[in-house]
Amino acid sequence: LPSGLKSLQCSQSGVNAPQHLPQLPNGLKYLYCTMFQIDSLPQHLPDSLVSLSCGMNSISTLPTLPNKLENLECNWNIFTNLPPLPPSLKTLYCNTSRSLTALPSLPNGLKKLTVSSSFISCIPSLPNSLTYIDILNNPISCLPNYLPIMGATYFTYPLCTPNNTLTNPNGCERANGI
């Protein structure tokens with residue numbers, strides 16, 4: 001790939017798609033490889049990457065995410081968890097990932113969280129910065145905290161209470177200070 005490449009879109013590939021992407025140039029800012037039939041991403045993503053869209057593939061593990069990453073779209077993959085999320089992340093769109101069972105800590109500046117229709121049983125503390133949230137259709141039994149943006153649907157979930165197997169059968173944590 002050219003060393004000066006800033007954006008790479010390799011989506012909706014045909015039958016002869018590679019299973020892996022080549023090493024990416026250091027200055028790459030945008031990577032879109034949705035429906036590309038890949039099973040992995042390069043071990044080292046460029047530090048300059050601000051947007052990664054890798055949904056609808058067969059990726060089982062995400063590499064360490066760059067510190068400047070602001071947008072992560074990784075829906076319809078087969079990983080069971082995500083790596084630590086960078087503090088710069090603003091959007092996490094990872095719904096319908098039927099193997100996804102857990103989320104790492106969410107960055108304080110996160111604006112949009114969409115992880116519906118997965119297998120997540122415990123939601124980490126929700127940052128006050130969220131302006132949109134969709135965590136429905138997961139086997140969660142309680143929430144770590146409530147936010148003003150949450151609609152009535154979310155208030156049907158009790159707050160997580162440690163050691164209460166009736167309302168918190170998964171042993172989820174409650175947010176500090178609640």
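The values are calculated or read from the model by the stated rules, or taken from the named source; none is laboratory data. Note that the structure is predicted; figures quoted are calculated from it, not measured. Positions of Cβ are backbone-derived with ideal geometry, glycine not excepted, and every protein chain shown enters the neighbour counts. Heads up: the accessible areas ignore ligands, DNA and RNA and are worked out on the full protein's heavy atoms, side chains in. Shrake-Rupley method; radii C 1.70, N 1.55, O 1.52, S 1.80 Å.
Candidate values (1) 1.08; (2) 1.01; (3) 1.20 were compared with Rg/Rh (Cα atoms, Kirkwood Rh) computed on the shown model; the agreeing label is (2).
The phi torsions of the stretch 79-85, fed into the Karplus equation with coefficients 6.51, -1.76 and 1.60 and a -60° offset, translate into couplings of 7, 8, 8, 10, x, x, 8 Hz, rounded to whole numbers, with Gly and Pro shown as x. Summary value for the chain: 12 percent relative contact order, contacts being C-alpha pairs under 8 angstrom separated by 6+ residues. Taken per residue, the accessible surface of the chain reaches 51 Å², heavy atoms only and a 1.4 Å probe.
Packing around the peptides 42-51, 70-79, 146-155, taken as the average count of other Cβ atoms within 10 Å per residue, puts them in this order, highest first: 70-79, 42-51, 146-155.
Carbon-plus-sulfur accessible fraction, the stretch 59-178 (probe radius 1.4 Å, protein heavy atoms only): 52%.
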